[in-house]
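To start, the structure itself, in structure tokens.
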Amino acid sequence: MANLRTAMDSAFWDLNVSSPHTLEGSAKAIPGDPFPLDGARASRVLRIQQLSLLGNGFPLGIIPSYSPTSHKDLGSFSLQSLLLRPATSNWWLGLIGQFRPKKLISSIKAEFSTNDDMEFPTFKDVAKHVLDKSLYSFGLCTQLLVAPSSSIKLSTEGHGEKKGRRNKFMLFHKLPYHDITLEAAWPELFIDHKGQYWDVPESISLDLSSLVSESGLRYRIGIHKNSGHPQAVNSIDGEAPTSLIPGLCAKAAFSYEKSQDLWRQKETKKDVMVKKDKGWFWQPSYDVRLKEPHAAVSGIFGGSCTAWFQDDHSPVAVELRGDEDNSTSTKKRSPFSADFFGSVCYSFQHGKFRELYGDLTRIDARLDICSASALAKRVINGLKSSSANSARDPMSSPRINLIFQQQVAGPIVFRVDSRVSLDSLPGKRGPHIEDFIYSLNYSLRLLRSGKVVAWYSPKRKEGMIELRVFEF
């Protein structure tokens, strides 16, 4: 089933989106933006833990990733590896190293081309390029289990081509029916629905989230504080999202979700026991969440209310950082708001995902209403896409998220995630594709519902390899 809980999670500041832009492997989604693609949600497994396991399947434990930088000479291709990983029963530490080879290769080639009489570059010349700090990035992360239900995580990372470091702190405490999370970052990296990155100098969040009850009810309460002006990392538009403007915010949300099978072929003992020449063997599905053919409908409905304090109506200058000239703009934010959201999903699966070929075809289609108030305002305005209010509010248009999965061979599945807006683009009428992600998934049967995911986003021109466990 497509992830319905994204509808409520995206209203808060702790929803992680996969991104090779940081060594941590994620950036935060921006509240008030359309729901991100399911395939874009970051793994629950920490990046250092991912590299520790993925390194066993890659030569020398080196994992590639692809992410453009503002320094074009560095290139987009990079190599990551886990350099250090000491651990005890309740504590571990990891050191990640990243290397961008393009600039080094170009510099050494230039040395050969500039030397006369086919002279080889000296060791000193080559060492100067190898030791160029802009080629390297390092990240240090540690986690301490202070109690069976509490843990603390600290991380810091620095990139040679940039000034400053990224620092993060997280405290997680698990209660019988709730989770408490405290997160702080200096700075925090956010990504909007256009694929543009924003740095907030200081971001602090405290969140209380309930577990989903048997009735389907869930609620969240959170406090968030932004400090400092948001800075555009790779944007040519200086208009920062209002959710990132400095201030203190209190937010509460609830949701109710329900799922109903239209039909389902239950797994039997005959499915998992296979008779071969040497006797009976246990052969489960490659992924326990894909073991039963079915058709189902599901839905989620909820609401949220938000209160902003501190400089509610004062204009805030937004700095634009990058190759373009600095520019400023002003934003205003309502001190109090309330809204409703909802999603309806249909899922169809053919196959049990156990055979070598042709045993899995799955389609998920989900209709998202990100903001009922924005949609209602648009309806009142006569569904005019040229309306100034609608044009400025991306939340006013319903969206359809489509997920297609097809088994290629054995545990390998090709997947496409796409988001279709029912709004019209300027000069064009009708729905259009806003975003899509391609991925190859290699399911790990021993993990029951774990997989290695290699994805690429044409919109962001980014890609990476991740380990995801019990995620769909």
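The values are calculated or read from the model by the stated rules, or taken from the named source; none is laboratory data. Remember, predicted model here, so these are calculated numbers, not experimental data. Ideal geometry is used to build each Cβ from the backbone, glycine not excepted, and the neighbour counts take in all protein chains shown. Note: accessible area is taken over every heavy atom of the protein model, side chains too, but ligands, DNA and RNA are not part of it. Shrake-Rupley method; radii C 1.70, N 1.55, O 1.52, S 1.80 Å.
List of remarks:
- The helix-based estimate of mean residue ellipticity at 222 nm for the chain, built from -39,500 (n - 2.57) per DSSP H run of four or more residues and divided by its residue count, is -3000 deg cm²/dmol to the nearest 500.
- Furthest towards positive pole of dipole, Leu444, Val420, Ile433, structure part the stretch 418-472, Cβ charges: Leu444
- Overall form of the stretch 27-105: oblate. Here a/c, set by the Cα gyration tensor axes a ≥ b ≥ c, is 1.5 or more, and a/b is not larger than b/c.
- Rg and Dmax of the stretch 205-284, Cα atoms only, in Å: 24.9, 69
- For the stretch 1-61, the dipole from Cβ point charges (+1 on Lys and Arg, -1 on Asp and Glu) about the Cα centre works out to 120 debye, to the nearest 20.
- Cα-centre dipole for the chain with unit charges at Cβ (Lys and Arg positive, Asp and Glu negative), debye to 20: 1320 debye
- Over the chain, accessible surface divided per residue gives 50 Å², non-protein components excluded, 1.4 Å probe.
- Net charge dipole, the stretch 24-165: roughly 560 debye, given to the nearest 20, about the Cα centre with Cβ charges of +1 for Lys and Arg and -1 for Asp and Glu.
- Selection from Cys370, Ala232, Ser259, by position along the positive dipole direction of the chain (Cβ): Ser259
- Net charge of the neighbourhood of Arg415, taken over other residues with C-beta under 11 Å away and scored Lys/Arg +1, Asp/Glu -1, is -1.
- In units of the rule-of-thumb radius 2.2 N^0.38 Å, the stretch 70-164 shows an alpha carbon radius of gyration of 1.53.
- Whole-number D in µm² s⁻¹ for the stretch 1-140, Kirkwood Cα-pair radius fed into Stokes-Einstein, 20 °C, 1.002 mPa s: 120 µm²/s
- Eigen-decomposition of the gyration tensor built on the alpha-carbon atoms of the stretch 1-40 gives equivalent ellipsoid semi-axes of 18, 12, 7 angstrom, largest listed first.
- Across the chain, Cα-Cα distances exceeding 35 Å account for 37% of all pairs.
- Taking a Cβ cut-off of under 10 Å around Pro68, the surrounding Lys, Arg, Asp and Glu residues balance to a net charge of +2, with basic ones at +1 and acidic ones at -1.
- The residues packed around Val297, meaning those with a beta-carbon under 13 Å from its beta-carbon, carry a net charge of 0 if Lys and Arg are +1 and Asp and Glu are -1.
- Accessible carbon and sulfur surface of the chain relative to its total accessible area, %, 1.4 Å: 62 percent
- Listed pairs Lys258/Lys451; Lys225/Lys451; Lys162/Lys194; Lys276/Lys352; Lys174/Lys269 exceeding 29 Å between Cα atoms: Lys225/Lys451; Lys174/Lys269
- Charge-dipole axis of the chain as Lys and Arg at +1 and Asp and Glu at -1 on Cβ define it, positive-most pick from Phe281, Leu131, Ser19: Phe281
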